[in-house]
Structure formats: structure tokens, C-alpha cells
Amino acid sequence: MPSSIALDRRSVIAALGAATLTACAKAGGGGRLADVTLRVANYKGGVETFMKAAGQDAAPYKLSFAEFAGGNLITEAILAGAVDLGSMSEIPPIFVAASKPPMRLIAVQKGDVNSQVVLIPHDSAITRPAQLKGKKVGYVRATTSHYLLLKLLEEQKLGFGDITPIALSPQDGRAAFERGSLDAYGVQATAVRATVGARVLTTGLGRLSGNYLFAAGEAALLDPPRRAAIIDYLGRVQASYRWSDAHPAEWAELVAKATGVPAALYAQQRRERSAPTRLAPVDAAAIASQQAVADGFAKAGVIPKRVDVAPLWDTALNADLGRLSD
């Protein structure tokens, strides 16, 4: 029976000192798959929300879910040994790449970029991205929101020095936007649009790759039963997304129930998406895409120097993942 907990930044940071978690993960090399508890980071309304409906919840191992607000926090949790597996955009791992982290990027989840947007208040006079100059713009640091804002400003021959950038957590950013403290906000849009009736200034289309990554702790990958559980779980993720494509109305209702956002908005998100979600093996194009993002951050001075992202990646599961592809 899957269990679920919620972890905030404080608990993630506290876990950094818990070396016993990593030791435990390394210890089970001779164990059985049935003895594994796979610790998975998830998001509210994520794929786990509809796994049961897709017939993918009866795994031959135990599942424990921990809910996070963003991929940057999931990255921290994997590094802390608090979870074995999680997904995020290609951006959060860039911010830890220089430290040679005990984490590997093992699969690419190709998906929608139209749900990543820059929002403006419904009554805003802003109609073009160039009009962001001099404005207060919220974003979530070390996430897709951060990179989208950087790319958007570059297109207008602007930089962060031409706006008032305000780095916020997803929760604080939403609150600030709702009370009118921001002129624009880079965010994954559905929930915020539901609350404030905001307008979309622009989306990630043509600016973001659509690559979302599955990352696993090195210790989990070195433990054969846990590694087998990871492979099995990724197959269940792929099957669940295929189910959602075949049952869009049921999917929207389940996600709406989990998040409190009207199902109609999720139906709209699906109609507007740039691509369906599919799991794919690691390839050179995915690594090059992340490297281009990292180089963009380095050029803008967001990270102190260029980092090589290639060591973050691991192709060892490609044969198994290839069997999951269309």
C-alpha cells in the first residue's frame, strides 16, 4: 500500500545530515524486490494521482510518496538521501552539477511546454514582453520558471538588470501575484489561473525543450532490487500517461479532485498542450539540450561558471527504457 508524506525545504535540508539514509540504501544488495520500499518524490496532482485508475498501482514492492512543490526541492531531497527517485525539469540539476552530486539523470520525460507561462494580472496594461522592462517579475529560482524568464528577456534584448526580479517559492509567488504585488509571474499556470483569472502573456513554446528528467540517487541505482523497482516504476509511469491520453475527462476529474482546481481548466490545459507526455531513454540530444540551458545560465551570470552536465547522466537503463517507448 503506497504511503504519502509532504516534505518542505526545512525537512529536506535537515535530511542532508542524515548519512544513515544513504547507508541503508546501499545495504540491501542481496535483498528481494518484495522487500523494497521505493521512495518517490511527487507533485500534487502528478502521475500518482491517476495510477490506480490506470491499473498501475499494484507494484511488487512497496511505494512511499513524498510531495514537493518544485523540482529544485526534489533535487535537494535526492541529494539528502530522503527519496530514491523523482522528476524535475532539466534545470534544477544544473545548479548542483559543479559539486559532482551523488545523483544520476536516468530517463527523459518529454512533455508539454505551453503550461509553463508568464502570467500577468487580468487588468494589466502589459500586452508585449518588451513591456516587462522596469516591472516587478516573480519567478522560482533554479526552475523552468527561471530559465523561461531569462530567455524571454534575451529575446527583447533585456536582462535581469532591466526588471525587478523577485525570486519566490511557488507558494509565496502565488500569494504575491494574487494580492497584486507582482506585475508578472513565471509559473506552471493551471492553479494560478484558476485563482486569479490571470492572463497569459506568453508560454514556453519555442523557448523550452519540453524535457523533464527522472533522477535517482546513486545509492538506489547501486542496489539491484531497488534499481529493479525503479525500472518497473518508470514503466508504470509510462502506462499511466498513455491511459490519461485515452481517458482525458476521467484524468481531468482525478487531478482536479487532488488539487482543488476545476476540471475544466485541466481539460483546457490538455487541449492547449504542445505535446503528450512520453518517457524516453537518455540520448545525446537530451544531454545537449541541458548543456545549452546551463551555458545560458553561465553566460547570464546566474551560475558562477560554465558546468559540464554530461557526468550527471547515466545510460545504464536505456535498454529497459527503450522497451517502454512507442
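The values are calculated or read from the model by the stated rules, or taken from the named source; none is laboratory data. Just so it is clear, the model here is predicted, and its values are computed rather than measured. So basically every Cβ, Gly included, is an ideal-geometry build from the backbone, and we count neighbours across all protein chains shown. All accessible areas refer to the heavy atoms of the entire protein, side chains included, with ligands and DNA or RNA removed. Shrake-Rupley method; radii C 1.70, N 1.55, O 1.52, S 1.80 Å.
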For this session: Please enumerate the residues belonging to segment 244-258 that are open to solvent by 30 Å² or more (accessible area, probe 1.4 Å), in a helix (DSSP H, G or I) and not basic (Lys, Arg).
Result: ASP245, ALA246, PRO248, ALA249, GLU250, GLU253, LEU254, ALA258
For this session: Report yes if some residue within segment 130-147 is within 30 Å of ASP245 (Cβ to Cβ), open to solvent by 50 Å² or more (accessible area, probe 1.4 Å) and charged (D, E, K, R); otherwise report no.
Result: no
Seminar exercise, completed: Checked pairs for segment 266-282, first within 21 Å of ASN318 (Cβ to Cβ), second open to solvent by 30 Å² or more (accessible area, probe 1.4 Å) and of a type in the set (Gly, Ala, Ser), C-beta under 7 Å and 6 or more apart or across chains, list as ALA280/SER325; PRO281/GLY322
Exercise. In this structure, is ARG104 among the charged types (D, E, K, R), surrounded by 18 or more Cβ atoms within 10 Å (Cβ to Cβ), at pLDDT 95 or above and within 29 Å of PRO276 (Cβ to Cβ)?
Worked result: yes
Exercise. Could you list, in sequence order, the residues of segment 122-148 that are farther than 14 Å from GLY70 by Cβ and polar (S, T, N, Q)?
Worked result: SER124, THR127, GLN131
Problem set entry | Test for SER64: is it over 22 Å from SER244 (Cβ atoms) and free of Cβ contacts under 8 Å to residues at least 12 places away in the same chain | no
For this session: Output the residue which, of all residues in segment 289-307 that are part of a helix (DSSP H, G or I) and farther than 15 Å from ARG207 by Cα, is least open to solvent (accessible area, probe 1.4 Å).
Result: ALA298
For this session: May I ask you to list pairs of residues, at least six apart or on different chains, whose Cβ atoms are under 6 Å apart, with the first in segment 241-264 being of a type in the set (A, V, I, L, M, F, W, C) and the second being open to solvent by less than 40 Å² (accessible area, probe 1.4 Å) and not in a helix (DSSP H, G or I)?
Result: TRP243/ALA54; VAL255/GLY45; ALA258/GLY45
For this session: Hey, can you tell me all the residues within segment 283-318 that are aliphatic (A, V, I, L, M) and touching a residue at least 24 places away in the same chain (Cβ under 8 Å)?
Result: ALA286, ILE287, VAL293, ALA294, ALA300, VAL302, ILE303, VAL307, VAL309, LEU312, ALA316, LEU317
Exercise. For PRO248, which of the numbered conditions (1) under 24 Å from ASN42 (Cα atoms); (2) out of contact with any Lys or Arg (no Cβ under 6 Å at 6 or more places or on another chain) fails to hold?
Worked result: (2)
Exercise. Among VAL261, VAL282, which is more than 25 Å from GLU90 (Cβ to Cβ) and not in a helix (DSSP H, G or I)?
Worked result: VAL261
For this session: Give, as residue ranges, the strands (runs of 3 or more DSSP E) completely inside segment 109-216 that count at least 1 residues that are out of contact with any Asp or Glu (no Cβ under 7 Å at 6 or more places or on another chain) and within 20 Å of LEU73 (Cβ to Cβ).
Result: 116-120, 136-139, 164-167, 184-188
Problem set entry | Leading residue by the ranking (nearest to the chain's Cα centre (by Cα)) among those in segment 265-287 that are of a type in the set (A, V, I, L, M) and open to solvent by 60 Å² or more (accessible area, probe 1.4 Å) | ALA285
